[in-house]
Amino acid sequence: MLRVENLTKTYRGAARTVRALDGVSLEVAAGEFVAVEGPSGCGKTTLLLAAGGLLRPDAGRVMLRGEDPYALTPEARAAWRAAQVGFVFQQFHLIPYLTVLDNVLAPSVALPSADGDKRAREWIGRFGLADRADHVPAELSTGERQRVALARALLNRPALLLADEPTGNLDPASAAVVLGHLAEFAKSGGAVLLVTHDPLGAEYAGRTLRMAQGRMLNDKC
Amino acid sequence: MTLWRLVIKEIAYRKLNFALAVLAVLVAVGCLVAELTLLRAHEVRAERQSDAQDARTRQRVGRLADDYRVITKQLGYNVLILPAKQDLGRFYAQGYAGETMPEEYARRLSESPLITVQHLLPSLQERIEWPERKFPIILVGTRGEVPQGHRNPKDPIQPLVAPGTMVVGRVVAERLGLEEGKEAVLFGRRLAVAKVHPPRGNEDDVTVWIDLAEAQALLGKPGRLNAILALSCLCAEATPEGIRREITTALDNDVQVLELSAAAATRRAARLRASVHADETVAAQEAGRAELRLVREALAAWIIPLVVIGATVWVGALAFGNVRDRRAEIGILRAIGWRARQILAVLLAKAVAGGLAGGAVGYAAGFALAAAWDVHEAAAGDAAGASALFDPGLLAAAVFLAPILAAAASLVPALLAARQDPAVVLREE
């Protein structure tokens, strides 16, 4: 499903240069839930953004279902993201003035479909948010917010779900719920790449990788 | 979920930002509309005042021309018709014509289609000694006539002397003890003194006027005249030469025509001067109004760009602030697949909505302000009025151009937002 080959990415700032990715390679198969662990600044988020077609690597290649997103134009890559990739972030990044339903429906603007509203309500119901559909994020608990973000990520039935510390702001119970949904998505045939500090994440992942200083250290399995 | 829904929700969420943007457009459009509407109000009022002033000027000048006519009536186009045989040397030495002509000439003139003569005063005049009083007088028999072709309700300018009456000059009256209402005998005929003229300082003071027929009888010259005074040609185009030609032709060249004075030209010049004065006055007023309008337009030419630039900067700064506040939001939307042009559309749509609202409300506010100011500034009952001030073109321009202006002001921040790298935003957030 996802193949990352020898990715290299260097951030060049005025003060210093940081090699965030240094020849990282990995593969995530369909139905696989892969966790990547590592200390802060080891390149996990950079790996996630590069895999999701948001951050062009300096070298190496990203292939999702045999397609290299960086071979596409920016507009086509945006469409590719809308169709193929779902993102979940630690900070949720919900639109504060939209209701739960509208937040979940936001990807449908990028990839319109006739049954978008129906699917959004299905995801909301599946994540136990049916009675919160008309609430705005400020009226939700952090766990509910992350479930909204997860529903939004899954609306367009992506092939790959990329989750960046999705449980970082959650209590253990909420974190377990979110991780359970990620695992469920993987079981349904999707690929999940989770980067996390949370040991709980590794318990739900089928495979855990460790990163340090921009390199993939080992495959813990 | 649509772009517009997101725009509307965001507007509702960040009310202050939107309200300030609307306020910027409102102030700009309001100022422009108020300025232009006030210019229009001034123009409408100036036009009305100018029209009224023109009418008053024309009326005054008309009265002036009439005054000139009245003042110069005694002078203008007065010609004396004498028998052709009359020696002018004798006439000037004697003061009247010794020769006579048929009274029928006066009738013929009165019935001719002459277009230049208003009044005809046939007379028979002779210097005699009042036989009963042994006092030298000038006896004038007269009657007024109006040519047929020019008959109008006006009385003859020279009052008639009724048969059986006489009008006497001051010296005659004093020397012979004549008073109005008394009777005197002249050539054996008893005549009542109808009027005693005030002193005139000329031969009129020794003149006695009686009815023409009675004079002809008393002087033994029935049906004869020695002069016809033709007075008051009111036709500006008529010339002394023309009058002379018309009269002599009408009377078979048996008369000679003397112009009594050059006053005709004076009179015509006076009327012409009055007309020129009217034109100059009106032209001066129009020039003054045009100059005032130029000053106002020059002022507007400065104010309008300043207000537009100010509003553009204001809206642009607000758009920058809005984009900065929505950095994370825009980053996540880009991450989940929104195209740059969709982000651009959302930001510009908000600007257009603000421009539309600001334009519409700004027009209403500017118009109301200008209309109120017009009422305040104008004299009672002289306000231009809302219906005269309403300009649909200006309304259309305000509602159409304000959104364009707002969108243009927001374009740079919107482009920057649409092009921002979502990866950078998401990493930093």
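The values are calculated or read from the model by the stated rules, or taken from the named source; none is laboratory data. As the structure is a computational prediction, the values presented were derived from the model and not from experiment. Note: ideal-geometry Cβ built from the backbone for every residue, glycine included; neighbour counts use all protein chains shown. Areas reflect the complete protein model, heavy atoms only, side chains present, ligands, DNA and RNA absent. Shrake-Rupley method; radii C 1.70, N 1.55, O 1.52, S 1.80 Å.
Summary of values
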{"item": "Breaking point among (1) open to solvent by 20 Å² or more (accessible area, probe 1.4 Å); (2) out of contact with any Leu (no Cβ under 6 Å at 6 or more places or on another chain); (3) within 12 Å of chain B (Cβ to nearest Cβ), for residue A:58", "result": "(3)"}
{"item": "Evaluation of residue B:283 against (1) surrounded by 15 or more Cβ atoms within 10 Å (Cβ to Cβ); (2) within 18 Å of residue B:60 (Cα to Cα); (3) at pLDDT 80 or above (one fails), failing number", "result": "(1)"}
{"item": "Residue selected from region A:70-89 under the condition part of a helix (DSSP H, G or I) and touching a residue at least 40 places away in the same chain (Cβ under 8 Å), by the criterion surrounded by the fewest Cβ atoms within 10 Å (Cβ to Cβ)", "result": "A:83"}
{"item": "Residues (part of a helix (DSSP H, G or I) and over 15 Å from residue B:410 (Cα atoms)) located in region B:313-339", "result": "B:327, B:328, B:329, B:330, B:331, B:332, B:333, B:334, B:335"}
{"item": "Any hit, region B:17-39, residues being over 44 Å from the mean Cα position of the chain (by Cα) and within 14 Å of chain A (Cβ to nearest Cβ)", "result": "yes"}
{"item": "Residue list for region A:1-25, restricted to those being part of a strand (DSSP E or B), of a type in the set (Gly, Ala, Ser) and surrounded by fewer than 17 Cβ atoms within 10 Å (Cβ to Cβ)", "result": "A:23, A:25"}
{"item": "Criterion: within 14 Å of chain A (Cβ to nearest Cβ), open to solvent by less than 70 Å² (accessible area, probe 1.4 Å) and either at pLDDT below 90 or within 18 Å of residue B:34 (Cα to Cα) (or both) - qualifying residue of B:267, B:326, B:296", "result": "B:326"}
{"item": "Residues that are surrounded by fewer than 23 Cβ atoms within 10 Å (Cβ to Cβ), out of contact with any helix residue (DSSP H, G or I) (no Cβ under 6 Å at 6 or more places or on another chain) and not in a strand (DSSP E or B), drawn from region A:195-221", "result": "A:197, A:198, A:199, A:202, A:203, A:206, A:213, A:220, A:221"}
{"item": "Residue within region B:125-134 that is in contact with a Pro (Cβ under 7 Å, 6 or more places away or on another chain), modelled with pLDDT of 85 or more and more than 11 Å from residue B:207 (Cβ to Cβ) present", "result": "yes"}
{"item": "Search result, residues across region B:175-193 that are touching a Lys or Arg at 6+ places or on another chain (Cβ under 7 Å) and part of a strand (DSSP E or B)", "result": "B:183, B:193"}
{"item": "Entirely in region A:100-194, the helices (runs of 4 or more DSSP H) that have 3 or more residues that are more than 13 Å from chain B (Cβ to nearest Cβ) and either in contact with a Lys or Arg (Cβ under 8 Å, 6 or more places away or on another chain) or buried (at least 22 other Cβ atoms within 10 Å of the Cβ) (or both)", "result": "A:142-154, A:172-187"}
{"item": "Some residue of region B:378-397 being of a type in the set (A, V, I, L, M, F, W, C) and closer than 26 Å to residue A:107 by Cα", "result": "no"}
{"item": "Selection within region B:333-351 - within 8 Å of chain A (Cβ to nearest Cβ) and either β-branched (Val, Ile, Thr) or open to solvent by less than 20 Å² (accessible area, probe 1.4 Å) (or both)", "result": "B:333, B:335, B:336, B:337, B:338"}
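Here's the yes/no breakdown for (1) farther than 16 Å from residue B:354 by Cα; (2) open to solvent by 40 Å² or more (accessible area, probe 1.4 Å):
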{"residue": "B:387", "(1), (2)": "yes, yes"}
{"residue": "B:405", "(1), (2)": "no, yes"}
{"residue": "B:408", "(1), (2)": "no, yes"}
{"residue": "B:411", "(1), (2)": "no, yes"}
{"residue": "B:416", "(1), (2)": "yes, yes"}
{"residue": "B:420", "(1), (2)": "yes, no"}
{"residue": "B:426", "(1), (2)": "yes, no"}
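Okay, residues lined up against (1) modelled with pLDDT of 90 or more; (2) open to solvent by 50 Å² or more (accessible area, probe 1.4 Å):
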| residue | (1), (2) |
| --- | --- |
| B:7 | yes, no |
| B:17 | no, no |
| B:22 | yes, no |
| B:66 | no, yes |
| B:87 | yes, yes |
